[in-house]
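Peer 1: Sending over a structure as structure tokens; questions will come in a sec.
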Ligand code: GLC
């Protein structure tokens, strides 16, 4: 039934009238849809099925292919692509939308999904922020909010509405090739950062009437594979899922999150996509999520040919839909549509179940205003890479730098005249950005923006009076050579004032980044060892998605900066830290591993750090923080701070009471600085073993020299509870410690 014609005046169908409540518009539209049209709204296909060459980089619409999929198969969503100019995206999205809105029977708009996870990174000229591991290191949710807001600003004008961000997995396994997509290992930090990013993405008023839907991913428990390799088995109890992996998703849901993407892997033998327990009981019933649940890439197909838990694709479709998915990112064929149609016609899946998912998809499309504003704005795209947007990205990169060592205050560098620069990232742009940048795996150098400085460029700008020599760049020989040549080389370096080694990783994404050894590659270790023999101070800058094992290299260096993947503005951020223009404020959002086969998050259990000393066989030794000199929350500044006057308002917290703690932070230096105050709670006992400590609150304070600030944190019994295997909070009387700034005070909860 198309629009109803009255007296030569076409009255728009009820669902097309924005004056009507969304709930009623959904029901009106649903009542008009055929089963095939409904299943089409549950399907997302890849851009390669509708472009002219079948390659990701080709953002040119093949009208014939697109018409067939939209008009005959009713497909409601597409995804992906690579960085192209804004006008190319604008033209592509306009044509694609026109087919759906003007040539299909019901005119249901398309929703286009894209991995703009650190800026609109599939847009030429976009602002590209640091990746989440860097944002976590800032301990400042405003940087995550700004990332979301700028991404929305630069995506909306292209017609992109479904942003596949933020990643809310926990960075608990440094081998994992997606470690850098996380906000780090802590549930509270990931919760605060993720919720801010969702807010920035979904509530960016400047893009109105165009809105974006965020996507929390990958639900759930994806990030701690025992092998360290992507999409390999994870072993987690439901209690661990509730306590550690649920909080970041829960906070995002409570912030109004519109969509969630599944974890492609298995947990304790059950692929998440086939788990009713996780995708319906936990996500819908316990966590209250009412938005759209989309699978990850070919997750349904993986049940057949990767996990081998489904006999064939049709059985895999049955399992996934029964478990609770709403949309299949199929994404390269129509088997999902055909299988689901058969399953409904056979009565194995009811049409009511289909309607449940279609309602959620339509709700998102109505809430985003797609029926009223399906096309990209007809004004020319103007936001990409604007100075204001790039300034936000620089601020995030600047605040994400973690200074791990600064022996004899070699930094900030005192006006060096000759700087020697070395390493694979000395003159690289791509190494600063990792995956999901211009292309899935990170594009080749030539595709990066002309105006994006390398570290070599940034150092020359930062130290205009100095001579910066980049060894291994252009025609300058690197560090190779015979023993005698190297000896001469080192002797020659003694004429320099500062040596900077920019090492780490080249870009990778997902399983392409699987490794067997977390240590810094031998070639880089050898170069650093050689440089350490020269007299000038040696600054080691690690530009890497993972905390590579650099225990020896830190010893051999005078200063060490963990720069993570700082994005397009990262080189300036690093140069500014080295010159002292920027005072480092970054803190590790993870525990930096020291040994290749011993990774422990800071919130490990007491029994994790059990040392058995044969000479003291009768004594259990459990030294806290004994497993790394660079624990979660560690980071140096050019300013020193002192903590004092740690006071608890009371030593006893009552059942319905509160306990306010205060601590004074003083800038004891001659330079203004920003300190991040981390508040941890440690439960001395628990029916279920308790982490040695847990971050419960963090707050930043900027202080001028000599100034002090009183910081406070009010504890309620909720801060002491933890979930059981059913997610039910346990709150036990007992003794607790509150820690901040290296100080500790005990209190008890009487319950
Ligand atoms: C990938 C990733 C997911 C991404 C999706 C679409 O496999 O796991 O994070 O959003 O496919 O590109």
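Peer 1: I'd like the distance between the alpha-carbon centres of the range 484-518 and the range 113-179, rounded to an integer number of Å.
Peer 2: So the two Cα centres are separated by 28 Å.
Peer 1: When you have a sec, figure out the Kirkwood radius of the range 1-155 from all distinct Cα pair distances and drop it here in Å to one decimal?
Peer 2: The answer is 17.7 Å.
Peer 1: In Å, what Kirkwood hydrodynamic radius results for the range 389-579 from the alpha-carbon pair distances?
Peer 2: Averaging 1/r across every pair of different Cα atoms and inverting gives 16.8 Å.
Peer 1: Counting helices only, and only those DSSP H runs with n ≥ 4, report the 222 nm mean residue ellipticity of the chain as the sum of -39,500 (n - 2.57) divided by its residues, in deg cm²/dmol to the nearest 500.
Peer 2: -7500 deg cm²/dmol, from helical runs alone.
Peer 1: Moving on to the next point. From the Cα gyration tensor of the range 352-485, with a ≥ b ≥ c the square roots of its eigenvalues, which class applies: rounded if a/c is under 1.5, or else prolate if a/b is larger than b/c, or else oblate?
Peer 2: prolate
Peer 1: With axes computed from alpha carbons, what is the tilt in degrees of helix 522-531 against the longest principal axis of the chain, rounded to the nearest 10 within 0 to 90?
Peer 2: Computed tilt is about 30 degrees.
Peer 1: While we're here: Sort 466-479, 493-506, 424-437 by packing, meaning the average of other beta carbons within 10 Å per residue, with the highest value first.
Peer 2: My ranking of the peptides, most packed first, is 424-437, 493-506, 466-479.
Peer 1: For Cα pairs less than 8 Å apart in space and 6+ apart in sequence, what is the mean separation divided by the residue count of the chain, i.e. the relative contact order in percent?
Peer 2: The value is 13 percent.
Peer 1: Viscosity 0.692 mPa s, temperature 37 °C: give me the Stokes-Einstein translational D for the range 229-385 in µm²/s, with Rh taken as the Kirkwood radius over C-alpha pairs.
Peer 2: So the translational diffusion coefficient is about 193 µm²/s.
Peer 1: How far is helix 22-32 tilted off the main Cα axis of the chain, in degrees rounded to 10, range 0 to 90?
Peer 2: The angle comes out near 50 degrees.
Peer 1: Then there is this: Can you give me the P(r) profile for the range 464-564? Cα pairs, bins 5 angstrom wide beginning at 0, each as a whole percent.
Peer 2: Per 5 Å bin, starting at 0, the Cα pair percentages come out as 2, 11, 21, 23, 19, 12, 7, 3, 1.
Peer 1: Continuing with the same structure: Calculate, in nm to one decimal, what residue 350 and residue 721 gain on full extension: separation in residues at 0.36 nm each, minus their alpha carbon distance.
Peer 2: 129.5 nm
Peer 1: A further question follows. Any chance you could list P(r) for the chain, counting all Cα-Cα pairs in 10 angstrom bins from zero, rounded to whole %?
Peer 2: The distribution over the chain is 3, 14, 23, 24, 19, 12, 5, 1, 0, 0, given as percents.
Peer 1: Given contacts defined as C-alpha pairs under 8 Å and at least six residues apart, what's the relative contact order of the range 639-749, whole-number percent?
Peer 2: Relative contact order here is 32 percent.
Peer 1: At 7 Å along the Cα-to-beta-carbon direction for both residue 643 and residue 35, put a label point, then send me their distance in nm to one decimal.
Peer 2: Modelled inter-label distance: 6.3 nm.
Peer 1: On a full-extension model of 0.36 nm per residue, what is the gain between residue 483 and residue 699, subtracting their alpha-carbon distance, rounded to one decimal in nm?
Peer 2: Full extension from residue 483 to residue 699 adds 72.6 nm.
Peer 1: For the range 419-541, calculate the relative contact order in percent as a whole number, restricting contacts to Cα pairs under 8 Å that are 6 or more residues apart.
Peer 2: Relative contact order for the range 419-541 comes out at 36 percent.
Peer 1: Name the shape class, rounded, prolate or oblate, that the alpha-carbon gyration tensor gives for the range 577-734, where a ≥ b ≥ c are the square roots of its eigenvalues, rounded holds for a/c under 1.5, and otherwise prolate holds if a/b is larger than b/c and oblate otherwise.
Peer 2: oblate
Peer 1: If you take the square roots of the eigenvalues of the alpha-carbon gyration tensor of the range 454-517 and sort them as a ≥ b ≥ c, do you get rounded (a/c under 1.5), prolate (a/b over b/c) or oblate?
Peer 2: Note, shape of the range 454-517 comes out oblate.
Peer 1: What list of whole percents do you get for P(r) of the range 152-253, with Cα-Cα distances grouped in 10 Å bins up to the one holding the largest distance?
Peer 2: For the range 152-253, the binned pair fractions read 17, 42, 27, 12, 2 percent.
Peer 1: Students often check this: by mean Cβ neighbours within 10 Å, which of 71-84, 733-746 ranks highest, and how do the rest follow?
Peer 2: Going from most to least packed, we get 71-84, 733-746.
Peer 1: Something else: Which percent, to the nearest 5, of DSSP beta bridges fully inside the chain are antiparallel?
Peer 2: Given both bridge residues lie in the chain, the antiparallel proportion sits at roughly 55 percent.
Peer 1: Which order do the peptides 718-727, 644-653 come out in when sorted by mean C-beta neighbours inside 10 angstrom, highest first?
Peer 2: 718-727, 644-653
Peer 1: Which order results if 610, 643, 508, 749 are arranged by neighbouring Cβ count within 10 Å, fewest first?
Peer 2: Least to most surrounded, the residues fall as 610, 643, 508, 749.
Peer 1: While we're looking at this one, here's another question. Between the helical axis of 187-202 and the dominant principal axis of the chain, each derived from Cα atoms, what acute angle in degrees is found, rounded to the nearest 10?
Peer 2: 50 degrees
Read the figures in this text as sums done on the coordinates, not as results from a lab. Since we're looking at a predicted model, the values are computed, not measured. Note that we place each Cβ from the backbone using ideal geometry, even for glycine, and neighbour counts take in every protein chain shown.
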